[in-house]
Amino acid sequence: LEFEPEILKRYVNFMSNPDEETAIKQFGTDDKYFGTCMLMITLPGLPMLAHGQVEGYTEKYGMEFKKAYYNESPNQWLVERHKREIFPILKKRYLFSEIYNFWFFDFHDNIGYINENVYAYTNVYRNERALVFYNNKYDSAFGRIKYSAPKLVNTGNGNKEIQTRSLADSLNIKNDYKHFYIFREHISGLEFIRSGDELHNDGFYVELGGFKYLIFWEFREVFDENGEFRNLRNKLGGNGTNSIAGMLYEERLRPVHEAVENVVDEKTLQTFIDEIVLKEKKTDGLSGNIRFMVNRFGQLINLLNERYQLHADVNIAVNDLEESLLAIKDLRSTLKQALSQDMYHRYVDAEKVLPIGADWNY
């Protein structure tokens, strides 16, 4: 990178060739293999997959062999993991193949030392951005990246100079607390969110298990006009979620959800059962406990009117609910009286399944 970065574009990146043992024999079939394969296809240059590598063949091939001597079948599990993790990256080779926007970063652990086992780099193609991490060791790694390693840069007119670049600058991130960046991690499929000023000031923190890798891409910029995205960022605390858009939608509906839960929470439902369904004492109206539930229902209608610019009449809605509750009480009394008469002996079993009194048994 300091001598001539263009050399990287001339490399052929491979894990095996006809003169070596197969990739499977050298790297196995688990995370070490896939982490190394991921490096091969996300670094500048030309990635080369060996014959039988995707299928997991262990027989060494060369020009002197006329045919295969091992009777091997494709390892379907290995093929499927290639399809899931490797092939989508290969379809984006244009994002990783060039050197102009390629920046390699020192990974500092929590104490401040550089962890040489962690590869971290970025690349950009037009509006597409990618951030790659790989831990090339069994031990877990914890730390962050902020500034790149030195790189020789063409400044124009035949002039070149050594430069370093911050992570935020390498990814064209705005240094603004109101600009947020949403991006997806390839392996987990989770989405993450960071503010522009956070990426400028703090860099990027990750935790990596042994031979694990992460690819962050599908970056998109949003402007936080009313603080919604900042609240999301704070709520996630650096963790990911299946969908930032879905989570934002849920947060916008949270007041409505809470209002609905207030109306039908466990305590309120138990009050409804005790006062409306099971209470034997005859009353002309609703008790104070039930009126508390009715008031919460009125608050819900008010909230819906305000949030969705509706014009529902709260008084009518509340009166309708009161009438329905009174009707349920009358129905319970009517059923209990009717089913206790001998003329309805055919329905004697109905009382066993209908909660029509405090002495209800089932």
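The values are calculated or read from the model by the stated rules, or taken from the named source; none is laboratory data. The model shown is predicted, which means the values in this text are computed figures rather than measured ones. Note that each Cβ is placed from the backbone with ideal geometry, even for glycine, and that neighbours are counted across all protein chains shown. SASA here: full protein model, heavy atoms, side chains in, ligands and nucleic acids out. Shrake-Rupley method; radii C 1.70, N 1.55, O 1.52, S 1.80 Å.
The residues of the range 111-160 that are assigned to a strand (DSSP E or B), touching a residue at least 24 places away in the same chain (Cβ under 8 Å) and open to solvent by 50 Å² or more (accessible area, probe 1.4 Å), listed by number, are Y119, Y125, E128, F142, R144, Y147. Please indicate, with yes or no, whether at least one residue in the range 208-218 is touching a strand residue (DSSP E or B) at 6+ places or on another chain (Cβ under 7 Å), more than 17 Å from T122 (Cβ to Cβ), among the charged types (D, E, K, R) and touching a residue at least 40 places away in the same chain (Cβ under 8 Å). Yes, the range 208-218 contains at least one residue that is touching a strand residue (DSSP E or B) at 6+ places or on another chain (Cβ under 7 Å), more than 17 Å from T122 (Cβ to Cβ), among the charged types (D, E, K, R) and touching a residue at least 40 places away in the same chain (Cβ under 8 Å).
Residues in the range 170-188 that are among the hydrophobic types (A, V, I, L, M, F, W, C), in a loop (DSSP other than H, G, I, E, B) and more than 12 Å from F204 (Cβ to Cβ): I187 only.
Only residues that are part of a helix (DSSP H, G or I) and open to solvent by less than 80 Å² (accessible area, probe 1.4 Å) were counted across the range 303-319, and they come to 7. Within the range 55-79, being at pLDDT below 95 and open to solvent by less than 30 Å² (accessible area, probe 1.4 Å) holds for G56, E59, G62.
Answer with yes or no whether Q299 is loosely packed, with under 12 Cβ neighbours inside 10 Å and not β-branched (V, I, T). Here the answer is no, as Q299 does not meet what is asked. Go through the range 25-45 residue by residue and tally those that are more than 17 Å from Y119 (Cα to Cα), buried (at least 17 other Cβ atoms within 10 Å of the Cβ) and touching a residue at least 40 places away in the same chain (Cβ under 8 Å). Counting residues in the range 25-45 that are more than 17 Å from Y119 (Cα to Cα), buried (at least 17 other Cβ atoms within 10 Å of the Cβ) and touching a residue at least 40 places away in the same chain (Cβ under 8 Å) gives 0.
Restricting attention to the range 229-255, the residues that are open to solvent by 50 Å² or more (accessible area, probe 1.4 Å) and either touching a residue at least 24 places away in the same chain (Cβ under 8 Å) or not hydroxyl-bearing (S, T, Y) (or both) total 12.
Picking from residues in the range 189-207 that are in a loop (DSSP other than H, G, I, E, B) and either in contact with a strand residue (DSSP E or B) (Cβ under 9 Å, 6 or more places away or on another chain) or under 21 Å from Y119 (Cβ atoms) (or both), the one that is most open to solvent (accessible area, probe 1.4 Å) is L190.
Looking across the range 208-239, the residues that are on the phi > 0 side of the Ramachandran plot and within 18 Å of the chain's Cα centre (by Cα) come down to E218, G237, G238. Condition check for F223 on (1) under 28 Å from M38 (Cβ atoms); (2) exposed (fewer than 13 other Cβ atoms within 10 Å of the Cβ); (3) touching a His at 6+ places or on another chain (Cβ under 9 Å); (4) not basic (K, R): one failure, at (1). Which of the residues spanning the range 1-15 are touching a Gly at 6+ places or on another chain (Cβ under 9 Å) and more than 17 Å from A120 (Cβ to Cβ)? Result: K9, R10, Y11, V12, N13.
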